[in-house]
Amino acid sequence: MSTQDVETRRHRVVVIGSGFGGLFGTKHLKRADVDVTLISKTSTHLFQPLLYQVATGILSVGEIAPATRLVLRKQKNSRVLLGDVIDIDLESRTVTSRMLNQNTVTPFDSLIVATGAQQSYFGNDRFATYAPGMKTIDDALELRARILGAFEGAELATTQEMRDRLLTFVVIGAGPTGVELAGQIAELSDRTLEGTFHNIDPRDARVVLIEGAGAVLGPMGPKLGGKAQRRLEKMGVEIQLNAMVTDIDAHGVTVKDADGTIRRIESSCKVWSAGVQGSPLGKMLAERSDGTTTDRAGRVIVEPDLTIKGHPNVFVVGDLMSVPDVPGQAQGAIQGATYAAKQIKAGLKGQAPQDRKPFKYFNKGSMATVSRFSAVCQIGKLEFGGFIAWLAWLALHLYYLVGYRSRIVTVIQWFVTFLGRSRGQMAATEQWVFARLAVEAVQADQEDADELAAALGAPPAENGRLTAGKAADRRAG
């Protein structure tokens, strides 16, 4: 490319990821003199904090996952590419993404990496087969089918032992997601499904919340954690603290208590919400930079301006960045992406990277809903729970939902669910349970993968067989 071409073309920004970080970073460049390319492996912007409501039949996927193209339709300086990023070349400044078996190379002048985090099984990835996480739409739909399928199976069970196993639901991890899931499974069995079966009483369901640490909602402190725990216990949720899950199989979990006791919980439906790790792109960036490292969770330890060492044009934001006192929540991603966009715009006006002010996170607080009409909320030193906290939780989540239609429909669904007994999204199919395993099997077999890709209009793969390990990475990401 000639010097004249470089001078005449606009600054090219590539954004990887369509979550809070990717979307807000793109939108904050709307009026900048740049061309923005957003690359994502999914076609939607996922409002992840409400995934558990999809899993428990309150909301539909469409309300929490609008199409990214539609969200950015009026932003003329942006385009969206669907693809899984498989390579970032920092020297040539290109990003390579793959859609089916077709690779696309996209050049950049500035890069914002906002690929978030994936479920961590702490080295026991085989647990994912029996205990899906709660990070993707596929996870939520699979879990909904598992939950409803367990009740259906219990209705047909021929022995009490089988019935008890099917009606035992184990949630591993007592963070916000685990607390919210346990509460909603309990409400689903006690309210929505009451009187809908002939051979079983859904209210007999046993919901177990297991936490390796000594408190529920540990980061929120003992006061709010205690409130959440008491509310869950009042709803019948069985909380087991200082308990480590050491094994999971199709029929249950093995638990090790603090005193070393090993015990077994028979359960057909398990869900994992115990930990997260950065996406594989974090490790790639660290290895290819000039000395950047990752933390134990695989998140990139960024510079004060959220860049990686030696590359002031490459920003890492959201759950993939490791910054002290910045939690892995939507606010961290939004603020980090907004900061990165501002630095790019300042650079276009001549500001040197060394003149950037360090990123400062403003903690707006944290919340977790426990059940209908009950939540816990922490804003600075102010801590409160109950109905007022629940209203604050509703208002905040409505505010960050994208699109007026989504907000209106969500309010209606909440009204029906929380004031009544029914839930509007109780459909579930057997395919949702087995689709993930089938996809992994196809991805692990290159011949089948090529045949499927050809049926969808893509050329055969050129880089050989996709290993089972890579298939697992794709599933987790």
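For the reader, a short list of remarks on this structure follows.
- Relative to the Cα centre, the charge distribution of the chain, modelled as +1 at Lys and Arg Cβ and -1 at Asp and Glu Cβ, gives a dipole magnitude of about 2040 debye.
- Mean separation of Cα pairs under 8 Å and 6 or more residues apart, divided by the residue count, gives the stretch 5-121 a relative contact order of 33 percent.
- Accessible area of the stretch 297-427 belonging to carbon and sulfur atoms, whole % at 1.4 Å probe: 61
- Placing dummy labels 7 Å off each Cα toward the beta-carbon, the span from Thr293 to Arg264 is 4.3 nm.
- Over the stretch 358-400, relative contact order from alpha-carbon pairs under 8 Å, at least 6 apart, %: 30
- Under 16 Å of direct C-alpha separation, and excluding same-chain neighbours fewer than eight residues apart, Lys364 reaches these lysines: Lys381.
- Given charges at beta-carbon only (K, R positive; D, E negative), |dipole| of the stretch 1-120 in Debye: 520
- Here the accessible area is traced with a 1.4 Å probe on the protein chains. For the stretch 64-196, carbon and sulfur cover 50 percent of it.
- Each label point was placed 7 Å from the Cα along the Cα-to-Cβ direction; for Asp138 and Phe418 their separation is 3.2 nm.
- Nearest 10 degrees, 0 to 90: helix 221-234 Cα axis against the chain principal axis: 40
- In the set (i) 39, 26, 21; (ii) 34, 26, 23; (iii) 41, 30, 19, the label that goes with semi-axes √(5λ) of the Cα gyration tensor in Å computed for this structure is (i).
- Mean separation of Cα contacts under 8 Å (6+ apart) over length of the stretch 143-238, as relative contact order %: 29
- Cα lying deepest toward the dipole's positive end in the chain, options Pro132, Gly278, Val317, charges on Cβ: Val317
- Förster radius 30 Å - calculated FRET efficiency between Ala157 and Glu383 (Cβ-Cβ, nearest 0.05): 0.10
- Estimated FRET transfer efficiency (Phe122, Lys349; beta-carbon r; R0 60 Å; 0.05): 0.85
- For the chain, the longest principal axis of the Cα atoms and the long axis of helix 430-444 meet at an angle of about 40 degrees.
- Protection proxy ranking of 290-299, 29-38, 15-24, 112-121, by the mean of other Cβ atoms within 10 Å over each peptide's residues and highest first, is 15-24, 112-121, 29-38, 290-299.
- Spatial separation of Cα centroids for the stretch 250-275 and the stretch 143-167, in angstrom: 18
- Probing with 1.4 Å while keeping every protein chain in the model, the per residue accessible area of the stretch 115-239 equals 40 Å².
- Distance from the Cα centroid of the stretch 286-326 to that of the stretch 399-448 is 33 Å (rounded to whole angstrom).
- Point-charge dipole on Cβ atoms (K/R +1, D/E -1) for the stretch 109-161, about Cα centre, debye to 20: 100
- Gain on full stretching of the segment that runs from Asp450 to Ser43 - 0.36 nm per residue minus C-alpha separation: 144.3 nm
- Computing FRET efficiency as 1/(1 + (r/R0)^6) for Thr246 and Arg10, where r is the C-beta to C-beta distance and R0 is 60 Å, gives about 0.65.
- Nearest 10 degrees, 0 to 90: helix 387-400 Cα axis against the chain principal axis: 30
- Neighbour cut-off at most 13 other Cβ (10 Å), DSSP loop, GluC sites (Glu not before Pro), the stretch 1-93: Glu91
- A simple spin-label model places the labels of Ala438 and Leu398 3.9 nm from each other, with each point 7 Å out along Cα-to-Cβ.
- Protein heavy-atom surface of the stretch 239-284, 1.4 angstrom probe: 55% of the accessible area is carbon and sulfur, with nucleic acids and ligands not counted.
- For the residue pairs Lys135/Lys270; Lys135/Lys357; Lys41/Lys309, the alpha carbons lie more than 22 Å apart in Lys135/Lys357; Lys41/Lys309.
The values are calculated or read from the model by the stated rules, or taken from the named source; none is laboratory data. As the structure is a computational prediction, the values presented were derived from the model and not from experiment. As a convention, Cβ positions derive from the backbone with ideal geometry for all residues, glycine included, and neighbour counts pool all protein chains shown. The protein model used for the area step is the full one, side chains on, heavy atoms only, and it has no ligands, DNA or RNA in it. Shrake-Rupley method; radii C 1.70, N 1.55, O 1.52, S 1.80 Å.
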